[in-house]
Structures are given as C-alpha cells and as structure tokens.
2 protein chains.
Amino acid sequence: MKIALAQAKKAAAEDEVPVGAVVVKEGKILAKAHNLKEKKGMATRHAEIVAIERAAKKTGNWWLENCDIFVTLEPCAMCAGAMINSRIRKLYFGAWDPKYGCCGSIYDLPADKRFNHNFETEGGVMQAECAAELTQYFKRKRN
Amino acid sequence: MKIALAQAKKAAAEDEVPVGAVVVKEGKILAKAHNLKEKKGMATRHAEIVAIERAAKKTGNWWLENCDIFVTLEPCAMCAGAMINSRIRKLYFGAWDPKYGCCGSIYDLPADKRFNHNFETEGGVMQAECAAELTQYFKRKRN
C-alpha cells in the first residue's frame, strides 16, 4: 500500500485526483499505476484500470490468476467490475468511499454471488494516510 | 444498432464474444468498436470501453456530453460504471443479459440516484438479431 500511496502522490503532482494502484503476484509487483483521467482525457483511466491492463500485458493473459490489487481508495463500479472480469484474487484498499465505493460502501460487488467470480476485500489499509492524500488534494483545489 | 451489430459480427469473425458498441453525438457516429478481450489479452477491452475511449479521444474530453451509446448486449458492471463515469446521456442495448447485466437485470446502476450521474436506458432494441449473434457464437464454440 505504501507503493500505491506513492503512485497517488504522483497523481496529485500531476493535478489528478490522487489514487494509486499496484497489482501483486506471489509477492512480486506486476504493475503499478496512478490515476490518468485528466491527462488522458478519458473517464476510464482510473489507476485500477491502468494497473490491471499493465499487469495483463505483462503476463500476456487477461485472467490475472493469483493476483492481488492494492488501491488507495475504495474502487468505483467500473473498477470493481474490471476486477471481477479479470479474476482478481484479493483487493486491499485504503480509504473508504461512502459516496461511490462499490466494494462495501454503496454496493459490495466483489461479494455478489450472482457474478461468476468473487473475491475477498480488505478495506481501511493505511486508511489515514490514503484519506489524507485525498483531503489535502481537494482542499488545495478549493483554494 | 445495425452498425453496432456489424461490429459484433466483426468480433465473432475474430473469435471474440460478439458484442459491438457505437457512440453517437447529435446524430453523428463518434466511435465504434467491437470486443477485443482475447486479441488484446485484457478483460477490460469490452466493446463499450473501447468505444468510450475512442469517443473521448475524438472529442478531447472525458465528459461525453450529449453522447448516446448503442450496445448489442446489456452492459456489465464495469461498462455500466464506465458510462456513469463518462456521463453518457442515454444507453440503448440489444439483448438482455440476465446473468451479468447491470443495466436492469441483476442491477440497474444507471438508475441509482446515489451516483453523481444517471442516464436513461432502453433495452431490447433489435433484441432478436443481437441475441442470435451471441447464441450462434456460443453454439459454434461448443461444437
């Protein structure tokens, strides 16, 4: 999560909402990414999607077998869906997102047995640091 | 929807699950795409995501203002989420997906007032043709 947080700081430095993500397989980092929405001009370029695509490119397989993902903020519907689609094994996230979070807050998509894949989630990992990064960013933007 | 269906046929010819998508703005086609999951080796390369990204690239803005999307199959959680994130105005889809569809079937994400954007959906447009394309594909795969 420390590495994901460093990615979030990178996003903040580029005036993006500070979210970072890291995909790990068997203790090794496969891919890391930060939010690129504004830079790329695409609402789909959340840190999680970019990290998942980089990991898939590296392994040469869309099925991210035995891969875990660390994200500094609770994933939205799009990103939770991308994790289901790519068969993520476990999600660790930092700050909870009570407004748009779909991994326990407004929905819990990874736990929905109707999908063909489910995965465990652990929220609140380095919660204070991950949340502070976001709070500082939005405070700066308002000023 | 006819153009989206032609995209789905293109996917089938490339041995991809036949789904096609078209983004339209003020009566003009901004982008079209077919499912590229196997070809790209990425679970995120659904037709809708590819079409949304091509449309954003074309307009130079992640906010797809006044844009409608036509898809041959009811979108999954990831794609419905991407439509919310990119502020799609209206979604038209062909076949219903009772197993994974998140635009009326197992969830109705576009209608959930808790999100910061909602949009209208119209399912069952050219339903028979869109569903037949999928049925034929899976039948061929089984044989």
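Here A:Ile88, A:Ile69 are screened, and the one residue that is surrounded by 24 or more Cβ atoms within 10 Å (Cβ to Cβ), closer than 19 Å to A:Val17 by Cβ and among the β-branched types (Val, Ile, Thr) is A:Ile69.
Whenever a residue of segment B:76-105 is away from chain A (no Cβ under 12 Å), its partners that are of a type in the set (Asp, Glu), lying with C-beta atoms within less than 6 angstrom and at least six residues away or across chains, give the pairs B:Arg89/B:Asp68; B:Lys90/B:Asp68; B:Lys90/B:Glu120; B:Tyr92/B:Glu122; B:Phe93/B:Glu74; B:Trp96/B:Glu74.
Taking A:Lys32, is it surrounded by fewer than 19 Cβ atoms within 10 Å (Cβ to Cβ) and modelled with pLDDT of 95 or more? If you could, list the steps in order and put the result at the bottom.
Working: surrounded by fewer than 19 Cβ atoms within 10 Å (Cβ to Cβ): no; modelled with pLDDT of 95 or more: yes.
So A:Lys32 does not fit the description; no.
Among the criteria (1) without any contact (Cβ under 8 Å) to a residue 12 or more places away in the chain; (2) of a type in the set (A, V, I, L, M, F, W, C); (3) over 20 Å from A:Ile84 (Cβ atoms); (4) within 10 Å of another protein chain (Cβ to nearest Cβ), the one B:Trp63 does not fulfil is (1).
Examine segment A:41-59 for a residue that is surrounded by fewer than 21 Cβ atoms within 10 Å (Cβ to Cβ) and part of a loop (DSSP other than H, G, I, E, B), and state whether such a residue exists. Yes, segment A:41-59 contains at least one residue that is surrounded by fewer than 21 Cβ atoms within 10 Å (Cβ to Cβ) and part of a loop (DSSP other than H, G, I, E, B).
Whether any residue in segment B:5-20 is of a type outside the set (Ser, Thr, Tyr), within 12 Å of the chain's Cα centre (by Cα) and farther than 24 Å from B:Gln136 by Cβ is what I want to check. No, segment B:5-20 has no match at all.
Scanning segment B:15-48 for residues that are among the basic types (Lys, Arg), closer than 17 Å to B:Lys2 by Cα and either in contact with a helix residue (DSSP H, G or I) (Cβ under 7 Å, 6 or more places away or on another chain) or touching a residue at least 12 places away in the same chain (Cβ under 8 Å) (or both) returns B:Lys25, B:Lys32.
The values are calculated or read from the model by the stated rules, or taken from the named source; none is laboratory data. Keep in mind the model is a prediction, meaning the values are calculated, not measured. Virtual Cβ from ideal backbone geometry, glycine too; neighbours counted across all protein chains shown.
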